[in-house]
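What follows is a short report on a single structure.
What follows draws every value from the coordinates through simple rules; no lab data is involved. Bear in mind that the values here come from a model prediction, so they are computed numbers and not experimental data.
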Amino acid sequence: MSKKDKLLDRLRLQPKDFTFDELCTLLGSLGYYIVKSGKTGGSRVTFSNGEDYIRLHKPHPRNILKSYQIYDIITILKERGLIMKPSNYISHKGYTGSVEFSAEDAVFHGKVIGIKSLISFEGDSVASLTEDFFNAVDEYLQFCKENGKEPEKPFKGSFNVRIGPDLHRKAATAASAMNMSLNAYVEEAIRRVV
């Protein structure tokens, strides 16, 4: 996982300790640079990618972004198509893990999705959750190797969908009218939504 992906995953979790320096690194990896401003800039910092701007107050005296700033950054990056994955998932070596929080247990937890095996992980912080997720995936792959088993591959690209006969007929008719297979038609419909 690249540093950019790690920072994006961390940002999506809206941590209370995301630093301005991390934001600069992340935005830099997304093609933004800091625009030097004159004396009237004050504590405001402007990032640009040559087409648009992100302008915010640099946090002080601490280097930690405020919650509303993190929310605004996530929102604008989603609007610009720079954040595509849902905010409650992390990935490692092709495996995706869900991220949840249990207030009752005071712990972050999750499981690998898209496979039949249960691979769970937890942590008391974003960093420890991420570390446990990486370790869980690595241990699963090692277990499969040691036992001569092929690791399950998530999201193979095929799945069964059960729908009513009337909707099935309408979809098949619409696909035929567009000179498409039903599979291609459904794929295109899903692509438009996600």
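So which of K16/K145; K6/K145; K16/K116; K16/K36 end up more than 32 Å apart by C-alpha? Going by Cα-Cα distance, K16/K145; K16/K116 fall outside the 32 Å limit. For the chain, adding -39500 (n - 2.57) for each run of n ≥ 4 DSSP H residues and dividing by the number of residues yields -13000 deg cm²/dmol at 222 nm.
Of the residues E146, E131, E79, the one that moves most in a GNM of the chain with alpha-carbon contacts below 10 Å is E146. Calculated from the structure at hand, percent of Cα pairs over 27 Å apart is found among (i) 49; (ii) 31; (iii) 21 as (i).
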